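Heads up: the structure comes next, in structure tokens.
The values are calculated or read from the model by the stated rules, or taken from the named source; none is laboratory data. Computed from a predicted model, the values in this text were never measured in an experiment. Here the Cβ is made from the backbone with ideal geometry for all residues, glycine too, and neighbour counts use every protein chain on show. Surface areas here come from the heavy atoms of the whole protein model, side chains and all, with no ligands, DNA or RNA. Shrake-Rupley method; radii C 1.70, N 1.55, O 1.52, S 1.80 Å.
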Amino acid sequence: MPDVMRADLWHSMADAAGLIRADGTIGETIYGQMTALAERTGAVNLGQGAPGTAPPAELIDAAADAMREGYNQYAPGRGFPALLEAVAQQRRRDFGHEISAEDVLYTCGATEGLTAAILALLPRGGTVLTFEPFYDGYPAAVAAAGGSLVTVPILPTDTGGFEPDWVRFDDAVGDAESTPSIIIVNTPHNPTGFMFSAEDLARIGHAAVAADAWVLTDEVYEQLILDDAPHVAPAVAMDDSSRVVTVSSAGKSWNATGWKVGWVIAEPQALRAIQAVKQFLTFTASGPLQIGVARSLADNSDFITENRASLQQRADVLVPACRAVAGIIASTPAAGYFTVVDFSALTDLDAFELNDLLARRYSIVGIPVPALCRTGSPAHTAYRSSIRYSFCKSAADVDRGAQLFYDLAAELDQNPDALRRES
């Protein structure tokens, strides 16, 4: 049998995404690892950001109707026109992003859109700049494209929020040896929930012009806003919208992450290049589900508002429970699914060791934030003992997780060293 290790592309992608173990074997993504840990220990799984509540009935009905109507064969490579038009309408209606259906390309989820865009737009040997922590699909795609990744940390602030290190951003953009060809902006940001303001985005836009870089956005949490600040679309906030490639999807907004209905929005030349790559990844997928999403987007139902309220209610259960543990800092999420909990005042364990201990002893599993960082980076150091917990799970799981944090708080009152390394 040929030696699979000779094919080094997959290995470089896996390595970039942190999947290579110390012994050289290949592990699962951090999300798969933590799901397996929860199953082994019987812990409540507050790790992966997969909704624990159902999509709206009208979305299910619209997709079922589409199946009965015959939308069961290959969809057009660009996506069904109804979906492309619905996305254009939604962007105009919700974010003031003035586009037409001709600017939209269906992708099999946002991950395919991001990967296809990086493969299409990054020159061989080029640099991608992104903010850290980051989705682990970014470095894998950059490695596949033969590029290098530069990161700028989003760090906790003294007021309990988060803020990019703009000094490091300016330095990274201005570095003549690694001027970025693409700047990735994830807003609202996973895992912090940080939302880039119009001023922040304008700053990034000016830097992109100076570097002659594309701005690739990841806006999958665009509808999951939990405070009064609206989502600002980078393509609206930046002066030169022609260099902005927008990626989003229906999965997070409609509690249908398994449907893999995403889209890319870009100017015609970039869109053609991205489609040229995308058509050799999935070609097309999710035909009747595209129609279901199209009809739900066009109907502009109350579900988005109701889902935000439901997420806020679950956050209001979990976050105070985390804060009941004296000494830890739990973030107030502005958007998205997660609270970031900093245990550093209570432990000398790193987030991986701590997460394992919490699973075995207290039946709680989250995602270690350093798994979403580059080893040794400022973000990796800042989040050394931080764990991401998801409140998008079912109300029962969130309630159980909250009670386990209250139990942990009571135990730590009796034994303040319970989370420290065992001697």
Quick one: count up the residues across segment 117-136 that are within 21 Å of F283 (Cα to Cα) and touching a Leu at 6+ places or on another chain (Cβ under 6 Å). 1
List every residue pair whose Cβ atoms lie under 8 Å apart, where the two residues are 6 or more positions apart in sequence or sit on different chains, the first residue falls within segment 19-42 and is closer than 15 Å to F352 by Cβ, and the second residue, located anywhere, is modelled with pLDDT under 90 and exposed (fewer than 11 other Cβ atoms within 10 Å of the Cβ). G27/R21
First in segment 226-250 and closer than 29 Å to P51 by Cα, second anywhere and among the polar types (S, T, N, Q) and in a helix (DSSP H, G or I), Cβ under 6 Å, 6 or more apart: L226/Q312; A235/S241
Out of curiosity, is Q223 polar (S, T, N, Q) and more than 19 Å from the chain's Cα centre (by Cα)? no
Is it true that T305 is of a type outside the set (D, E, K, R) and in contact with a helix residue (DSSP H, G or I) (Cβ under 6 Å, 6 or more places away or on another chain)? no
Count of segment 335-366 residues which are part of a strand (DSSP E or B), under 18 Å from L408 (Cα atoms) and not hydroxyl-bearing (S, T, Y): 5
As an exercise: evaluate L281 against (1) aliphatic (A, V, I, L, M); (2) open to solvent by 10 Å² or more (accessible area, probe 1.4 Å); (3) part of a helix (DSSP H, G or I); (4) touching a residue at least 40 places away in the same chain (Cβ under 8 Å) and give the number of the one condition it does not meet. (3)
Inside segment 101-158, counting only strands (runs of 3 or more DSSP E) that do not spill past its ends, which hold 2 or more residues that are aliphatic (A, V, I, L, M), closer than 29 Å to A330 by Cα and touching a residue at least 24 places away in the same chain (Cβ under 8 Å)? 148-156
Six or more apart or on different chains, Cβ atoms under 6 Å: show the pairs whose first residue is in segment 48-69 and more than 16 Å from L289 (Cβ to Cβ) and whose second is open to solvent by less than 30 Å² (accessible area, probe 1.4 Å) and among the acidic types (D, E). none
What tally of residues in segment 45-83 results from selecting those that are open to solvent by less than 20 Å² (accessible area, probe 1.4 Å) and either within 30 Å of Q279 (Cα to Cα) or at pLDDT 95 or above (or both)? 10
Would you tally the residues in segment 386-415 being in a loop (DSSP other than H, G, I, E, B) and crowded, with 24+ Cβ neighbours inside 10 Å? 3
Keeping to segment 119-130, report how many residues are touching a helix residue (DSSP H, G or I) at 6+ places or on another chain (Cβ under 8 Å), of a type outside the set (V, I, T) and open to solvent by less than 30 Å² (accessible area, probe 1.4 Å). 3
Counting just the residues of segment 170-179 that are farther than 10 Å from V150 by Cα and modelled with pLDDT of 95 or more, which one comes out least open to solvent (accessible area, probe 1.4 Å)? D170
Could you list all residues from segment 60-95 that are on the phi < 0 side of the Ramachandran plot, among the small types (G, A, S) and touching a Leu at 6+ places or on another chain (Cβ under 7 Å)? A63, A86
